[in-house]
There are 2 protein chains.
Amino acid sequence: MGTSSAPGVRIRDLAPEDLDRGLLDSLDALRPASGADPGAVRRAYGEIRANPNHVVAVAIHDSRVVGTAALLVERKFIHGGGLAGHIEDVAVSAGHQGARIGTMLVEYLLDVARRRGCYRTTLDCEEGLVGFYTRMGFERRGVHMRVDHR
Amino acid sequence: MGTSSAPGVRIRDLAPEDLDRGLLDSLDALRPASGADPGAVRRAYGEIRANPNHVVAVAIHDSRVVGTAALLVERKFIHGGGLAGHIEDVAVSAGHQGARIGTMLVEYLLDVARRRGCYRTTLDCEEGLVGFYTRMGFERRGVHMRVDHR
């Protein structure tokens, strides 16, 4: 791990200027996001930034955001009051897929989780991505289920 | 939903006194927890309580904790800066399984998520519990994967 790279791409924590440099466009690969109300997005940014248990990584290429992924750190009662990491919303811009940027983003967040002392990190994915995450060291552990609220 | 109940069992938010009333014993059903260092458990409680995005529910019977489940609320950039709920660590004490306490706990947290404005709530489970959660309105959405940190 940690040896993947895409030429000219750098991974770092989200910074305020990224909101205007393509963050939402990169999320469009996951779910339409770029049409969101700018005020709501700034409020979301403020709340995420104020939460020390929420880390958002971005992939930067030519000063633009071309990918993003998030890590939630959860304090548990189990595991002796240990920490668990949750990776969410891994997205790479349409024009940059296949360039190992997704791998770089996930490896970056796994490193954050490890340095913070998490005993494990989990994520949920479509069946078609199981091989991708297996190559990064993940193992299939169960079923992801969802209920929508109306 | 919301109509399940077990006689004499009440669901409420975790309170400080629950740490000495069987919280860790109820988590033993999930993973050995009751042998944990009491100081670490109190520190975990302090941190969880201070986090407004982390809700722990307990099932109380005869003044004892007989079950627990947690909800993490995550602010997203997608969904217009919306909120997503994550249910974690649903556990019912060995002597109380089959009494609908798990259903009560999950319904309680779904209600919290709904009232907070979450657009969806997810959880991960073993294949054998898919039917249980389907009856509560959850749908299978993907694969849960995990990596352990050493």
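Throughout, read-outs are computed from the coordinates displayed, never taken from laboratory work. Here the structure is a predicted model, which is why all the values come from computation and not from measurement. Every residue, glycine as well, gets a Cβ built from its backbone with ideal geometry; the counts of neighbours run over all protein chains shown.
Only one residue in A:VAL106, A:VAL55, A:VAL73, A:VAL143 is away from every other protein chain (no Cβ under 11 Å) and either surrounded by fewer than 20 Cβ atoms within 10 Å (Cβ to Cβ) or out of contact with any Phe, Trp or Tyr (no Cβ under 6 Å at 6 or more places or on another chain) (or both). Which one?
Just a single option satisfies the conditions, and that option is A:VAL55.
Within the range B:8-33, which residues are at the interface with chain A (Cβ under 10 Å from one of its Cβ atoms) and either surrounded by fewer than 13 Cβ atoms within 10 Å (Cβ to Cβ) or assigned to a loop (DSSP other than H, G, I, E, B) (or both)?
B:LEU14, B:ASP28, B:LEU30, B:ARG31, B:PRO32, B:ALA33
Out of all the residues in the range A:133-150, which are without any contact (Cβ under 8 Å) to a residue 60 or more places away in the chain and over 20 Å from B:GLU127 (Cβ atoms)?
Listed by number, the residues that qualify are A:ARG135, A:ASP148, A:HIS149, A:ARG150.
Would you mind stating whether B:VAL41 is buried (at least 22 other Cβ atoms within 10 Å of the Cβ) and either in contact with a helix residue (DSSP H, G or I) (Cβ under 8 Å, 6 or more places away or on another chain) or more than 9 Å from chain A (Cβ to nearest Cβ) (or both)?
Considered against the rule, which asks whether it is buried (at least 22 other Cβ atoms within 10 Å of the Cβ) and either in contact with a helix residue (DSSP H, G or I) (Cβ under 8 Å, 6 or more places away or on another chain) or more than 9 Å from chain A (Cβ to nearest Cβ) (or both), B:VAL41 comes out as no.
A quick yes/no check of all residues on (1) touching a strand residue (DSSP E or B) at 6+ places or on another chain (Cβ under 9 Å); (2) closer than 30 Å to A:ALA36 by Cα; (3) surrounded by fewer than 21 Cβ atoms within 10 Å (Cβ to Cβ); (4) at the interface with chain A (Cβ under 7 Å from one of its Cβ atoms):
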| residue | (1), (2), (3), (4) |
| --- | --- |
| B:HIS61 | yes, no, yes, no |
| B:THR68 | yes, no, no, no |
| B:PHE77 | yes, yes, no, yes |
| B:GLY95 | yes, no, yes, no |
| B:GLY98 | yes, no, yes, no |
| B:GLY102 | yes, no, no, no |
| B:ALA113 | yes, yes, no, yes |
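Show me the helices (runs of 4 or more DSSP H) entirely contained within the range A:34-150 in which 3 or more residues are of a type in the set (A, V, I, L, M, F, W, C). Don't jump to the end; show me each part of the working.
Working: elements: A:38-50, A:78-81, A:101-116, A:130-134.
Of the helices (runs of 4 or more DSSP H) lying wholly inside the range A:34-150, those with at least 3 residues that are of a type in the set (A, V, I, L, M, F, W, C) span A:38-50, A:101-116.
So, in the range B:1-21, how many residues would count as being of a type outside the set (S, T, N, Q) and more than 15 Å from the chain's Cα centre (by Cα)? Don't jump to the end; show me each part of the working.
Initial filter on the range B:1-21 (of a type outside the set (S, T, N, Q)): B:1-2, B:6-21.
Then drop every residue that is not more than 15 Å from the chain's Cα centre (by Cα), which leaves B:1-2, B:6-9, B:16-17, B:19-21.
The number of residues fulfilling the criteria is 11.
Within the range B:15-36, track down each residue that is free of Cβ contacts under 8 Å to residues at least 12 places away in the same chain and either polar (S, T, N, Q) or closer than 12 Å to B:VAL92 by Cβ (or both).
B:SER34
Which residues, taken from the range B:117-132, are in contact (Cβ under 8 Å) with a residue 24 or more places away in the chain and more than 7 Å from chain A (Cβ to nearest Cβ)?
B:GLY117, B:PHE132
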